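Visitor: Take a look at this one; I'll ask things after.
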Ligand SMILES: C[S@@+](CC[C@H](N)C(=O)[O-])C[C@H]1O[C@@H](n2cnc3c(N)ncnc32)[C@H](O)[C@@H]1O
């Protein structure tokens, strides 16, 4: 397999670890992790492979007696994961999830949480999840909603006449590679962002992800769209709450390995 661009978050690992902490960022804690745990439906015989596991936030949310392996390309985040989690059933490994994985075993469940859009060749990560799931195994993917949250290409606008907050989309169908500066504050004063502050995001339309799943013998069982639970008050409150309820932040896909 051709190695893809280095998309690991190693260099922003300290910042990301502080942002996520032990229990997750705001949206991890309020929306993403409860949704993932509900969809996974783990039982006493389950085992979980977490691709792009970061500092292991999902591992700390699952029943303690289950076998869990988390793999991430960022050595710094794997170090933080090990510091935060001493469960002997949990293993954290450094690895590029688009390359053959540093494990041989198969799992009943796999998860790719808020990571597939940071991987240049997401189809290879999905292929790897298929190769390490037992027949009929379950894969949960959570994405920043590909239709409504396209970095640099989607934004809020306000229609003053109808008092509506709308979502503007400049593109949707085209795949995109988007460099993201992780510490925007450091850019002030006109200095160019340091390379070490960049991470990559890769936009694909939803149909591209469904094709990657189908190509790797997955059937989609369920798609959920998760909105923010935040609430605005004051003059613009009603308008903002309405648009918040209309435009989901996250797309969750539950797929089953059909072989
Ligand atoms: C936004 S973070 C999400 C991490 C974690 N799942 C969470 O929810 O906190 C994206 C992660 O994808 C990882 N990543 C990017 N490309 C990767 C690759 N090719 N192989 C493994 N991990 C990768 C990054 O290192 C980073 O930890």
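The values are calculated or read from the model by the stated rules, or taken from the named source; none is laboratory data. None of the values given here were measured: they were computed from a predicted structure. Counting neighbours? That spans all protein chains shown, and the Cβs are built from the backbone with ideal geometry, glycine included.
Visitor: Does segment 159-175 contain any residue that is within 14 Å of the ligand (Cβ to nearest atom), touching a strand residue (DSSP E or B) at 6+ places or on another chain (Cβ under 9 Å) and not in a strand (DSSP E or B)?
Guide: Of segment 159-175, the ones within 14 Å of the ligand (Cβ to nearest atom) are none.
Scanning segment 159-175 turns up no residue that is within 14 Å of the ligand (Cβ to nearest atom), touching a strand residue (DSSP E or B) at 6+ places or on another chain (Cβ under 9 Å) and not in a strand (DSSP E or B).
Visitor: Continuing with this model, one more query. When the residues of segment 101-111 are narrowed to those that are within 12 Å of the ligand (Cβ to nearest atom) and within 18 Å of residue 75 (Cα to Cα), which ends up surrounded by the most Cβ atoms within 10 Å (Cβ to Cβ)?
Guide: Among residues in segment 101-111 that are within 12 Å of the ligand (Cβ to nearest atom) and within 18 Å of residue 75 (Cα to Cα), the one surrounded by the most Cβ atoms within 10 Å (Cβ to Cβ) is 101.
Visitor: A further question follows. Kindly evaluate residue 123 against the criterion of being modelled with pLDDT of 95 or more, touching a helix residue (DSSP H, G or I) at 6+ places or on another chain (Cβ under 7 Å) and either farther than 16 Å from residue 212 by Cα or crowded, with 16+ Cβ neighbours inside 10 Å (or both). So that I can check it myself, show each step before the final result.
Guide: Values: modelled with pLDDT of 95 or more: yes; touching a helix residue (DSSP H, G or I) at 6+ places or on another chain (Cβ under 7 Å): yes; either farther than 16 Å from residue 212 by Cα or crowded, with 16+ Cβ neighbours inside 10 Å (or both): yes.
In short, yes.
Visitor: Based on what the data block shows, is residue 117 closer than 24 Å to residue 216 by Cα, within 12 Å of the ligand (Cβ to nearest atom) and outside any helix (DSSP H, G or I)? Please lay out each step first, then the result.
Guide: On the way: closer than 24 Å to residue 216 by Cα: yes; within 12 Å of the ligand (Cβ to nearest atom): yes; outside any helix (DSSP H, G or I): no.
For residue 117, the condition - closer than 24 Å to residue 216 by Cα, within 12 Å of the ligand (Cβ to nearest atom) and outside any helix (DSSP H, G or I) - is not met.
Visitor: Kindly provide the set of residues from segment 49-90 that are more than 11 Å from the ligand (Cβ to nearest atom), free of Cβ contacts under 8 Å to residues at least 24 places away in the same chain and in a strand (DSSP E or B), ordered by number.
Guide: 68
Visitor: Which members of segment 11-48 meet the condition of being within 20 Å of residue 90 (Cα to Cα), within 9 Å of the ligand (Cβ to nearest atom) and part of a loop (DSSP other than H, G, I, E, B)?
Guide: Listed by number, the list holds a single entry, 24.
Visitor: Related question: I'd like to check which strands (runs of 3 or more DSSP E) are fully inside segment 180-259 and have at least 1 residues that are modelled with pLDDT of 95 or more and surrounded by fewer than 12 Cβ atoms within 10 Å (Cβ to Cβ).
Guide: Those strands (runs of 3 or more DSSP E) span 218-226.
Visitor: In addition: Do we have any residue at all in segment 154-168 that's out of contact with any helix residue (DSSP H, G or I) (no Cβ under 8 Å at 6 or more places or on another chain), at pLDDT 95 or above and surrounded by 18 or more Cβ atoms within 10 Å (Cβ to Cβ)?
Guide: Among the residues of segment 154-168, at least one is out of contact with any helix residue (DSSP H, G or I) (no Cβ under 8 Å at 6 or more places or on another chain), at pLDDT 95 or above and surrounded by 18 or more Cβ atoms within 10 Å (Cβ to Cβ), which makes the answer yes.
Visitor: May I pose another question? Return yes or no: is residue 8 within 11 Å of the ligand (Cβ to nearest atom), farther than 21 Å from residue 139 by Cβ and assigned to a loop (DSSP other than H, G, I, E, B)? Walk me through how you get there before you give the answer.
Guide: Details: within 11 Å of the ligand (Cβ to nearest atom): yes; farther than 21 Å from residue 139 by Cβ: yes; assigned to a loop (DSSP other than H, G, I, E, B): yes.
Yes: the conditions hold for residue 8.
Visitor: Now, a different point. For segment 91-114, give me each residue that is in a loop (DSSP other than H, G, I, E, B) and farther than 15 Å from residue 59 by Cα.
Guide: Result: 95, 96, 97, 98, 99, 100, 101, 102, 103, 104, 105, 106.
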